[in-house]
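Working notes, beginning with the structure itself.
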Amino acid sequence: MLRLVALRIGQAAVSIWGVLTIIFFILHLSGDPTLLLVPPDASRHQIALLRHELGFDRPLLVQYLAYLGRLLRLDLGQSLVQRLPVARILASRIPYTVELTFGALVVATAIGLPTGAAMALWRGRWVERVLVPIVLAGQSLPTFWSGILLILLFGVVLGWLPTSGAQGFSALIMPSVALGALTMATFARMMRIAMLDELSRDYVTAARARGLSFVAVVLRHVLRNAAIPIITIAALEIGNLMAGAVIVETVFAWPGIGQLAMQSIADRDFLVVQAVVLFVSVVYVLSSLLADLAYAVIDPRIRLTP
Amino acid sequence: MSGATGGVLRLPRSIRALAAILGAYAAVAILAPWLAPHNPLHQVLLLRLRPPLYRSPSGTIYWLGTDDVGRDLLSRVIFGARASLSVAILSVSVSLLAGTPLGLLAGWFRGWPAMIIMRIVDSMLSIPAILLAVLTVAVLGPGFFDLILVLGLTRWPRYTRLAYAQTLQIATRPFIRAAELAGARTGRILRRHVLPNIAGPLLVLATTEFGLMILFEAGLSFLGLGIQPPYPSWGSIMSDGRQYVGRAWWMTVFPGVCLFGLVLTVNLLGDRLRDHLDPRSAYR
Amino acid sequence: MRRRLPLLVALLTVPLLTQPARAAGKTTLTVDLANDAATLDPQLQWDTDSYTVYRNIFDNLVTRDVTGKIVPQVAAAWHYVNPTTIVFTLRRDIRFQNGTSLTAADVVFSIRRITNPSFRSPQLSQFDTIRSVDITGPDQVTLHLKTPYAPLLAQLVKLSIVPKAYVEKVGNTQFNEHPIGSGPYRLEKWQHGVEIVLAANGAYWGGKPPFPAVIFRDVPSDATRLADLRTGRADIDHQMTPDDAKAIARDPALKVLSTPTERVGYLFINAAYGPTKNVLVRRAIAMAIDRNAIIQALLQGYAKPVNILLTPASFGYVSDVPAWPFDPKAARALLEKAHAVGAHLTFLTSPSYNRQITEAIQQMLDNVGLKVAIDQVDQPTFLRRREGPAAHAGNLAQGLWSCACQDADGTIWPLFHSGSIWSKYSNPAFDKLVDAARTSLDPKQRLADYHAAFEILHRDVPGIGLYQAYAIYGARKQLQWMPTPNEAFFVMSMRWK
Amino acid sequence: MTLLAVTDLTVHFPSRRGPPVRAVDGVSFTIAAHETLGLVGESGCGKTTVANAVLGLVQPTAGSIRLNGEELAGANRARLRTLRRRMQMVFQDPAGALNPRLTIGGAIAEPLVTRGLARGATARARVAELLNAVGLRPDHAPLFPHQLSGGQRQRAVIARAIALTPALLVCDEPTSALDVSVRAQILNLFLDLQRTQGMALLFVSHDITVVRHVSDRVAVMYLGRLVEVAARDTLFAAPRHPYTRALLAAVPEPDPAAQRGRPRLRLAGEIPSPAAPPPGCTFHTRCPLAIPRCRAEPPALRALGGTFVACHRAEEGQKDA
């Protein structure tokens, strides 16, 4: 077990190194930010001077090795645009994304799980037939569109919720709903399978034979057992939610890492983009690792697949 | 499990109905030049942002109104179906054709080349997809074919991972050994025995991805990095209309509804197909 | 067009219902910016959003008044000793927000800091004609230039003075996050990506700041800024689109503040590649474009047509060089003469430029027989291609040019001098004229040179001016403020009624 | 005439931790043309590994496998492919042995097509012929495996196996996944086919009654080694090895009288792990007759009357029991 965990962590590290390499080369192939930084009337010589000072005139491989070297010393570098340590910029944005991710998770759980349970309990009935398209609608909505419609309806027409910004609980509602829609659909589907799996088990029949009411069986046993796979899926979804935050944060002007990433790509602020991608992929890889481990702990028959 | 001989007619009615809706979308896209009442590129600057059912002084009716440079919105939405569908179909094909063989070979031969492929796959999958796409667009440049290439290049790992896992599983089945004993060479085994058996899950994934690609195309066009102006795509029309969401809701709402309807159809279809192909793993 | 829908009625009534009752004294001014400030170290950044904020924290060596004239700020007076030596006399009563006096040492430090290449200031290019700077008296600083440089004072308008002792003590990174200046406001709180809160500097030498606090919020979406303004969450929309400006004109609680700026909307025409290499084609393009249609229909009148590629807000503007008239027939005839009917052109653009204008120009050129393909890339790629070899720069590109110096030198030299990265055009006669105008200190001579230069540009058409852009601010009715052509956002010049 | 000669076949599987698994350890036997050898033993004794090794599906660690004198061990893919024309396999689970996405006809035709022996109409005719031979109808050809019953599927698997008229057919528990009612039919089919096609059979099963039904000779395997090899009737009449006797004892006799007269010998304990086989005679941990010598010295397979047996006390066995 320990060996396999070590192996998985090693593989995760290789994956993350791969992420950084892919991003590094794609970013640097897309041009450097010197022209964006200087005033339009800067001369050729002045641009070359700044480019040299920024180090973008060195061979790509040299820049890559220098980057990896700094990273090994846990130095994320300094933003070219904001001229602040990247770590500090990231640290100021992460709480917002965490807040948004958590909000979306709450929305997804609060709506997705009961919906999934209902679909399982009333399998094949009209309840399921109505709920399935609704759940699928959740993952068919383009977030940029649903975001705009939400702003239009609740922010502008009804005036119930703030149209932008990140202050206070009310500002969190719309972005959380927009972001949570997709995860809500995933949760509902997972809950449905997990419940159906449990409902088909012998103990359900046995318990009912003992005279327990169906409701009691569901509440006491089925829900609890079905929760196990759901919890592990939730771990995986955290990574997906952080990735999905990119568009939602842009639409709602939510000052998290997604918006930071889009802005930094537009600015070609290389080190910030790389740090954001590093953060998201570490979260993603770690959460999938944890989900795997959780599975293995819950069900020892499942071997860790290398 | 269902045989390939079943044919379309043996499919459940819900699948046929959804396929028909999809077909209608495709028909609109193909027949756009005959269906659209106006040239989708023709501007009348004096008739900007007119609401639906607007009748111009010369008597022309703009059923869905006009956009921000005075083009007929209905015609643009009809032509926009072309961009959405063709980008989605082609990019799914590209990533399916690139990803599947890679996963198939990695799962069959295993060893260190497979390890390398799967680590690359893992790396690509842990980068937020939209960021990867935006960055790749920055390198390759936007435009129709570049967009397909970008989406194809960033989405293949999903097919590779699925094909890999499925192949690993299929490779242990006795009928593979039976085929070996029957004298089938590797190529034939992969083609005749492995591929047909992993095709079902891949098809379901392709359907899900098809819906996602439609959203991606719209998303990238929305960010100004997709279909090039003045050619319409639903995403770019919505992007144009974003600024006018309070006053010209029609620019955002109509293409959005079309997009939503298409993606919902595709997702429902994928869902039904999944149920149909393997009832036990329904909703996974 | 006024066929309104219930939705619109709702939109218009919302602000009336939600607007809180206001006391006479306005305590906080809230400004919606389109972007967060990148840095608040005034010497590290060149973007307008940063400038909008930090200009209220810092004083500059010299500044411009409402009419655009360069007037004293930190420097009380100045005079040229010779064309490459200029002496500044400083005010004595300025204190930084931490209480220390602003002295000649701070001015010298500021200039040396920004001109030191290893400091990597993006603004270095604006000051690199400065060879050295020295303290030559208790409140006197002398600048030595490498060559005579006419726009020097216009550039020094952008030089903020930073406190030497504080910067040296805390270091550049700390200074960037906790800047201290001598301006009317000091930084209270900076939540990156959310808002910047400034508090009034009660001891400001220039008078009492009009609002106890100013909040600059980061609101990238045009629609959201408009909604914020309507719902009373913001007092000023710093960057309003012409369509939105038109839309709020009827709102009784709001008003539009706008002013022509030195920013010029232009069309670059590649004179070094493809069909546009032919001057006849370039002239045909110039005559195919209907400036007035663009200004009236797309910019809602929030722009003025220009005859040359410069605005009247800049030195060097000449009114008597004609523009090519809008004449599609003549354009078509020129194309036929050049055998260029049906020629394929590429229109390079990015999401930073007005898409509607790009599409309108495409249609206008199509009308006279040119096939224009729009090639939209992201801004860094746009700049890289525009700057690179002529073959990749596109045949056409839109631009919105401002050198923030209100001088022709900052516009037509970088755009068309053969030594500039942006130029895809070469004419030795033109080069000679703009070089001469750059180093001459005689305004009359410079104006004559620019006149001749613009006549050459008119004949060769390596680009045409389209319109003088307006700065458009949406504001609550109570705000009293006169925006200036250089787009400076001085809270000190605002009042609340 | 010897068709298959297996000599000192050893197959070890490497293990991640600890010593390798000694699945097959020094097994030797021969099969003559047209003969059926039954290979019997508990599950996990290595009999399936022997079957797989014979077909070249697993690589032997040591030893030799000769088909008509041609060496199979260590043969490359191309050579194996040639050799497999003459030997085929019938699998335990007919559902798994058939590609669910391939028709029965397609599966049966596959060996013909891949070897370029027949195609198109010729192949179809041959498939029809084969289907008839195994008791199916030609109109079964376009069906998919899931449309057939278990017994029909196994018939299809057999039809595929005999498509090339192999000299040797290896059957790995061909009836264990089938309903009891179908078993006898399939076994009789094997007997028929052997008569009509003239094949030799290596028939692997844990079920000694099944083996008895089809075999000419029987080999008994325990923990990777052969413990007894004899002609069917000899073995069932006079089992020499205590393990063989235990196996026979576990079989209910249809005749209660015979049942009562049979020696009672029950197996104690569990089968040891092939990763750590006991020293000496591997059976000694469960053998009621074990003596100290059995713990120290592995018995060799030696001739005793018409039987080959690997037991130090084989001579005494009869009377002790």
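Structure above, values below:
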{"read-out": "Highest to lowest packing among B:106-113, D:186-193, B:75-82, scored as the average C-beta count within 10 Å", "value": "B:75-82, D:186-193, B:106-113"}
{"read-out": "Per-peptide average of other Cβ atoms within 10 Å, ordering C:484-491, C:114-121 highest first", "value": "C:484-491, C:114-121"}
{"read-out": "Helix runs (DSSP H) in chain D reaching 24 Å along axis by Cα, Kyte-Doolittle at least 0.0", "value": "D:180-197"}
{"read-out": "Nitroxide proxy distance, nm - points 7 Å out along Cα→Cβ at C:Asp366 and B:Ala27", "value": "2.9 nm"}
{"read-out": "Square roots of five times the Cα gyration tensor eigenvalues for region A:2-72, Å", "value": "37, 11, 8"}
{"read-out": "Cα pair distances in region C:217-345, grouped into 10 Å bins until the bin that holds the longest one, percent each", "value": "11, 29, 26, 20, 12, 2"}
{"read-out": "Nitroxide proxy distance, nm - points 7 Å out along Cα→Cβ at C:Lys169 and D:Ser149", "value": "9.8 nm"}
{"read-out": "Peptide C:364-370, shielding by other chains (average Cβ, 10 Å cutoff)", "value": "1"}
{"read-out": "Cα centroid separation, region D:158-210 to region D:24-59 (Å)", "value": "15 Å"}
{"read-out": "Global form of chain A, assessed from the alpha-carbon gyration tensor, a/c cut-off 1.5", "value": "oblate"}
{"read-out": "Rg over Rh, two decimals, region A:32-178 (C-alpha only, Kirkwood Rh)", "value": "1.19"}
{"read-out": "For region C:362-497: rounded, prolate or oblate by the Cα gyration tensor [a/c cutoff 1.5]", "value": "oblate"}
{"read-out": "Binned Cα-Cα distances of region B:15-277, short to long, each 5 Å bin given as a whole percent", "value": "1, 6, 12, 14, 15, 13, 11, 9, 6, 5, 3, 2, 1, 1, 0, 0"}
{"read-out": "Principal-axis tilt of helix A:60-72 within chain A, Cα atoms, nearest 10 degrees", "value": "60 degrees"}
{"read-out": "Helix A:257-267 axis, angle to chain A major axis (alpha carbon atoms, nearest 10°)", "value": "30 degrees"}
{"read-out": "Span-like helix ranges in chain B, DSSP H, alpha carbon extent 20 angstrom or more, Kyte mean at least -1.0", "value": "B:13-30, B:73-109, B:111-125, B:144-171, B:195-222, B:249-277"}
{"read-out": "Convex hull of chain C built on C-alpha atoms - directionally averaged projected area, nm²", "value": "24.1 nm²"}
{"read-out": "Peptide ranges B:162-171, A:175-184 listed from the most packed, as the mean C-beta count within 10 angstrom indicates", "value": "A:175-184, B:162-171"}
{"read-out": "Restraint check, C:Lys158/C:Lys208; C:Lys26/C:Lys169; C:Lys69/C:Lys255; C:Lys304/C:Lys329; C:Lys371/C:Lys432, Cα-Cα greater than 31 Å", "value": "C:Lys26/C:Lys169; C:Lys371/C:Lys432"}
{"read-out": "Rounded Å value of the spacing that divides the Cα centres of region C:332-372 and region B:15-47", "value": "27 Å"}
{"read-out": "Intensity falloff of region C:306-368 expressed as log10 I(q)/I(0), Debye formula with alpha-carbon point scatterers, at q = 0.20, 0.30 Å⁻¹", "value": "-1.00, -1.15"}
{"read-out": "Anisotropy class of the protein assembly as shown from Cα gyration tensor, a/c 1.5 cut", "value": "prolate"}
{"read-out": "Built amide H within the under 5 Å cut-off of D:Leu304, gap 5+", "value": "D:Val309"}
{"read-out": "Region B:116-192 - Rg over Rh from alpha carbon coordinates, Kirkwood radius", "value": "1.19"}
{"read-out": "Top of D:Leu67, D:Leu102, D:Leu168 by mean-square fluctuation, Gaussian network on chain D, Cα under 10 Å", "value": "D:Leu102"}
{"read-out": "Highest-fluctuation residue, A:Ile47, A:Ile247, A:Ile265 considered, GNM on chain A with Cα pairs under 10 Å", "value": "A:Ile47"}
{"read-out": "³J(HN,Hα) computed for each position of region A:213-219 - Karplus, 6.51 cos²θ - 1.76 cosθ + 1.60, integer Hz, glycine/proline x", "value": "6, 4, 4, 5, 4, 4, 5"}
{"read-out": "Degrees between helix A:169-199 axis and first principal axis of chain A (Cα, 0 to 90, nearest 10)", "value": "40 degrees"}
{"read-out": "For region C:103-253, projected area of the alpha-carbon convex hull averaged over all directions, nm²", "value": "12.5 nm²"}
{"read-out": "Alpha-carbon centroid distance for the pair region C:22-81 / region C:107-169, whole angstrom", "value": "17 Å"}
{"read-out": "Virtual spin-label span in nm between C:Gln445 and A:Thr205, 7 Å along Cα→Cβ", "value": "10.6 nm"}
{"read-out": "Interchain or long-range residues, amide H under 5 Å from D:Leu226's placed H", "value": "D:Ser28"}
{"read-out": "Average beta carbon contacts from partner chains per residue of B:64-72, 10 Å cutoff", "value": "3"}
{"read-out": "By accessible area with a 1.4 Å probe, ligands and nucleic acids excluded, highest first: order of A:Ser43, B:Ser126", "value": "A:Ser43, B:Ser126"}
{"read-out": "Value of relative contact order over region C:62-164, rounded to a whole percent, pairs C-alpha under 8 Å and six or more apart", "value": "31 percent"}
{"read-out": "Under-5 Å amide H pairs with C:Leu466, H placed in peptide plane, nonlocal only", "value": "C:Gly265, C:Tyr266, C:Leu267"}
{"read-out": "Viscosity 1.567 mPa s, 4 °C: Kirkwood-radius Stokes-Einstein D of region C:262-408 over Cα pairs, µm²/s", "value": "82 µm²/s"}
{"read-out": "Peptide A:130-143, shielding by other chains (average Cβ, 10 Å cutoff)", "value": "5"}
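The values are calculated or read from the model by the stated rules, or taken from the named source; none is laboratory data. Because the structure is predicted, anything quoted here is derived from the model rather than measured. Neighbour counts run over all protein chains shown; Cβ positions are idealised from the backbone, glycine included. For accessibility, only protein heavy atoms count, side chains too; no ligands or nucleic acids. Shrake-Rupley method; radii C 1.70, N 1.55, O 1.52, S 1.80 Å.
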